[in-house]
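Remarks on the structure that follows.
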Amino acid sequence: MLNEAELRERVRAFLRDSDPTRRQDFLNARFDAGLAWVHYPEGLGGLGLPRSLQAAVDAEFAAAQAPDNEPERIVIGLGMAAPTILVHGNYQQKQRWMRKLWTGQEVWCQLFSEPGAGSDLAALGTRATRDGDDWVVSGQKVWTSSAHQAQWGLLLARTDPDVPKHAGLTYLVCDMTAPGVEVRPLRQFTGEAEFNEVFLSEVRIPDTDRLSAVGDGWSVAMTTLMSERVSIGSARAVPRESGMIGAVVKTWRDHPELRTHGLHDRLLRLWVEAEVARLAAERLRQQLAAGKPGPEGSAAKLVFARLNQEISGLEVELNAADGLRYDDWSMRRTERASFFGRGPGFRYLRARGNSIEGGTSEILRNIIAERVLGLPSEPRADKDVAWKDLPR
Ligand SMILES: Cc1cc2nc3c(=O)[nH]c(=O)nc-3n(C[C@H](O)[C@H](O)[C@H](O)COP(=O)(O)OP(=O)(O)OC[C@H]3O[C@@H](n4cnc5c(N)ncnc54)[C@H](O)[C@@H]3O)c2cc1C
């Protein structure tokens, strides 16, 4: 197994032999060399190395100013689709999807939430019915981030309405360009239409695009959701004072006239909490192997949401009258998910969504209570499957 020095040398050799001006070829070659995500298996963009070595690889590519795969544009593919396919996909599916996913040639979205099924996801009503070698899917999905750019959608659908609700679900991969898929923008209060509603009218999905067994959809969805929480709360190694706390600290340093003692105390407390969260996320990342994370990612995501909301609130206050000004309410179709971009007003408004997306903070507290701390589960109407019985 390569150590860090040998791995860095391998990246430098790769950089010497490749042409970064031909971006797509460069990314394809990086994937083929196993230098995409080193903790993934060989042949799927990795080298089967510990995840902790990825930071060294990324640092070498960044130092060489090599083109990257624009991770903010393909965040659902990288953070959710890939780990799900890795654990539940068959050989052909992995070979078919992983390379274009990592190199950014194909964008992925998540077709889970419905108007009547968000936190209670297993209540979803989108139906998939078998017809020969295909599934025929009809229903409505909502809050689907990036659906307007996506080639593929991770789709959870009901294939058997006659069994307990968690047992009647199947996980399919939907071609977003197939006939019957209609994507309509939903505008958020930032002005951006980052997400969409998606109408599925008799969409045909080949059975070869099913992940895992018929009726196994809930278990596959758990891999996606656990990965989503890690992806939102602790996706990548970040330097100290980056993200939300970075913006407010910069204003504090650049504008002494805005400072007050009260704000100073709050800023110090939040700075320390942000640093603790950053280090905890780093530890979590190092503990994770490729594939299926445990419920611990729920804690990272919970803290991430709370801190983003508190810090962005402090930033608005610190900027006084300017903090309340918002630069652009016009409707925009976003290409990249950004929590920290633009001004304080955007950051404050966008952070509201952090405690909803990827599982609400209330639901995450339930998961931590029941599955991490082992506390008794809350009373549920559906006693068919309790959280403690679900795959860990
Ligand atoms: C920015 C953003 C992007 C999103 N992107 C996607 C996407 O790409 N794909 C996708 O499928 N979905 C997406 N979502 C949807 C998101 O997953 C859901 O909004 C979320 O799961 C909550 O579901 P809901 O909106 O139906 O609220 P509900 O489930 O109706 O919840 C309403 C309130 O009740 C509380 N509540 C519900 N049940 C319980 C309980 N058992 N105990 C305590 N409190 C409870 C909730 O915490 C919440 O406060 C996105 C959401 C946002 C905000």
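The values are calculated or read from the model by the stated rules, or taken from the named source; none is laboratory data. Note that the structure is a prediction, hence the values are computed from the model and not measured. Quick reminder, even Gly has a Cβ in these numbers, built from the backbone with ideal geometry, and neighbours come from all protein chains shown. We work out accessible area using only protein heavy atoms, side chains counted, and drop any ligands, DNA or RNA first. Shrake-Rupley method; radii C 1.70, N 1.55, O 1.52, S 1.80 Å.
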(request) Considering only the range 69-120, state which residues are aromatic (F, W, Y) and open to solvent by 30 Å² or more (accessible area, probe 1.4 Å). (result) Y91
(request) Please go through the range 363-373 and pick out each residue that is more than 14 Å from the ligand (Cβ to nearest atom), assigned to a helix (DSSP H, G or I) and open to solvent by 80 Å² or more (accessible area, probe 1.4 Å). (result) none
(request) Filter the range 178-188 down to the residues that are away from the ligand (no atom under 11 Å from the Cβ) and assigned to a loop (DSSP other than H, G, I, E, B), then identify the one that is modelled with the lowest pLDDT. (result) R187
(request) Being within 12 Å of the ligand (Cβ to nearest atom), more than 15 Å from A300 (Cβ to Cβ) and not in a loop (DSSP other than H, G, I, E, B) is the filter here, so list the residues in the range 333-362 that pass it. (result) L349, R350, A351, R352, G353, E362
(message) Take the residues in the range 134-152 that are small (G, A, S) and touching a helix residue (DSSP H, G or I) at 6+ places or on another chain (Cβ under 9 Å); name whichever of them is farthest from the ligand (Cβ to nearest atom).
(response) A150
(message) Can you name every one of the helices (runs of 4 or more DSSP H) wholly within the range 207-287 that holds 1 or more residues which are without any contact (Cβ under 8 Å) to a residue 24 or more places away in the chain, open to solvent by 50 Å² or more (accessible area, probe 1.4 Å) and β-branched (V, I, T)?
(response) 261-287
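One line per residue, one yes/no per condition, for (1) in contact with a Gly (Cβ under 8 Å, 6 or more places away or on another chain); (2) at pLDDT below 95; (3) more than 12 Å from the ligand (Cβ to nearest atom); (4) at negative phi:
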| site | (1), (2), (3), (4) |
| --- | --- |
| R96 | no, no, yes, yes |
| W102 | yes, no, yes, yes |
| C109 | yes, no, no, yes |
| R127 | yes, no, yes, yes |
| G132 | no, no, yes, no |
(request) Taking the residues in the range 19-48 that are out of contact with any Pro (no Cβ under 7 Å at 6 or more places or on another chain) and basic (K, R) as candidates, determine which candidate is nearest to P71 (Cα to Cα). (result) R30
(request) Taking the residues in the range 189-223 that are within 12 Å of the ligand (Cβ to nearest atom) and touching a strand residue (DSSP E or B) at 6+ places or on another chain (Cβ under 8 Å) as candidates, determine which candidate is farthest from K165 (Cα to Cα). (result) E192
